[in-house]
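To start, the structure under review is shown below, and the notes come after it.
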Amino acid sequence: MKKLTPTLRFGIAWMVLVFVLAIHVVDEMATDFLPFYNSLVTSIQVDYDWFPMPVISMPVWLNGLGAALVALLLSSPLVFEGKRYMRPIAFIFGGLMVLNAFGHIGASFYLGKAVPGVYSSPLLLIAAIYLLLMAHRDRQVTNA
C-alpha cells in the first residue's frame, strides 16, 4: 500500500473541512440560525451602535455561504497540487472554523441551551484542527 504524502493528507484535510462546513451550514439552516443571529445582532446594536456585525437576509446568507463553499471546493485541486500559497489560506480557513465552532459552543454554555449550529460544531472543530495540523506538516516537509 502506498504511503500518503503530507501534501495528499493536506488535501484530504481540506476536503474534510469543506464537507463538514457544508454539514454545519445544513445544521444552522435546520435549527434557524439566521433568526437567532439577527436578533442577537439587533439586541447588541441597541447598546453598542458601533457593533460592526450586520443584520443579514436569508438570500444574502444562503448565497454567501453557497458561494464560499463552491470557492473552497473549486480551490481543492490547488491544495492537492501542493501550491504553497494555499497553506496560508488553509491556516485562515482553519482558524476561522475553530473560532466559529467555539462561538457556537461558547454561546450554548453562556445561554444554558443549545444554540443553532452547535450540534455540528464539535465536528467542525475537529476537522479545522486536522486541517491546521496537516497544513503545518505539509509546510515542514516542503520547506525542509
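The values are calculated or read from the model by the stated rules, or taken from the named source; none is laboratory data. Remember, it's a predicted structure, so these values are computed and weren't measured experimentally. Neighbour counts run over all protein chains shown; Cβ positions are idealised from the backbone, glycine included. When the accessible area is computed, the model is the full protein with side chains, heavy atoms only, and any ligands, DNA or RNA have been set aside. Shrake-Rupley method; radii C 1.70, N 1.55, O 1.52, S 1.80 Å.
For every helix of n ≥ 4 consecutive DSSP H residues, a contribution of -39,500 (n - 2.57) applies; sum these over the chain, divide by its total residues, and give [θ] at 222 nm rounded to the nearest 500 deg cm²/dmol. Intermediate values should be presented prior to the final figure.
Values: 6 runs with 111 residues, N = 144.
Result for the chain: -26000 deg cm²/dmol, rounded to the nearest 500.
Of all the accessible heavy-atom surface of the range 31-82, with the other protein chains kept in place and a 1.4 Å probe, what percent is carbon and sulfur? Spell out each step's value before the answer.
Working: 2440 of 3390 Å².
Carbon and sulfur together cover 72 percent of it.
Helix 6-30 versus the longest principal axis of the chain: what angle, 0 to 90°, nearest 10, using Cα atoms?
Its long axis makes an angle of about 20 degrees.
May I ask for the Kirkwood hydrodynamic radius of the range 52-124, worked out over all distinct Cα pairs and given in angstroms to one decimal? List each step's numbers first, then the result.
Details: mean 1/r = 0.0698 Å⁻¹.
With all distinct Cα pairs of the range 52-124 included, I get 14.3 Å.
Can you tell me the 0 to 90 degree angle between the C-alpha axis of helix 33-47 and the longest principal axis of the chain, rounded to 10?
Roughly 60 degrees, rounded to the nearest 10.
Give the range of the longest stretch in the chain that excludes all trypsin sites (Lys or Arg not before Pro) found in loop regions by DSSP and having at most 15 other beta-carbon atoms within 10 Å. Numbers along the way, then the final one.
Details: sites that count: LYS2, LYS3, LYS83, ARG84, LYS113.
That would be 4-82.
Considering only DSSP states other than H, G, I, E and B, which chymotrypsin sites (Phe, Trp or Tyr not before Pro) in the range 1-55 qualify as loop sites with at most 15 other Cβ atoms within 10 Å?
Working: sites: PHE10, TRP14, PHE19, PHE33, PHE36, TYR37, TYR48, TRP50; in loops: TYR48, TRP50.
When the chymotrypsin sites (Phe, Trp or Tyr not before Pro) of the range 1-55 are filtered for loop state and at most 15 Cβ neighbours within 10 Å, TYR48, TRP50 remain.
Hey, what angle do you get for helix 121-143 against the long axis of the chain, alpha-carbon based, 0 to 90 degrees rounded to 10?
30 degrees
Mind checking the per residue accessible area of the range 12-144 for me, 1.4 Å probe, whole number of Å²? Don't skip to the answer; put the middle values down first.
Numbers: 7740 Å² over 133 residues.
Ligands and nucleic acids excluded, the result is 58 Å² per residue.
If all Cα-Cα distances of the range 1-54 are sorted into 5 Å bins from 0 onward, what percent lands in each bin, rounded to whole numbers?
4, 16, 13, 12, 12, 11, 10, 8, 6, 4, 2, 1, 0
Given a Förster distance of 22 Å, report the FRET efficiency between VAL55 and ILE89 from their Cβ-Cβ distance, rounded to the nearest 0.05. Spell out each step's value before the answer.
Details: r = 29 Å, r/R0 = 1.30.
Computed FRET efficiency for VAL55 and ILE89: 0.15.
Among [x] 121; [y] 131; [z] 100, which is the computed volume of the Cα convex hull per residue in Å³?
Answer by label: [y].
Taking a label point 7 Å from the Cα of LEU65 along the Cα→Cβ vector, which residues of the range 12-56 have an amide N closer than 13 Å to it?
Taking a point 7 Å out along Cα→Cβ of LEU65, the residues of the range 12-56 whose backbone N falls under 13 Å are 20-38, 56.
Pick out which of GLY82, GLY112, GLY95 has the largest mean-square fluctuation in a Gaussian network model of the chain, springs linking Cα atoms closer than 10 Å.
Answer for the Gaussian network model of the chain: GLY112.
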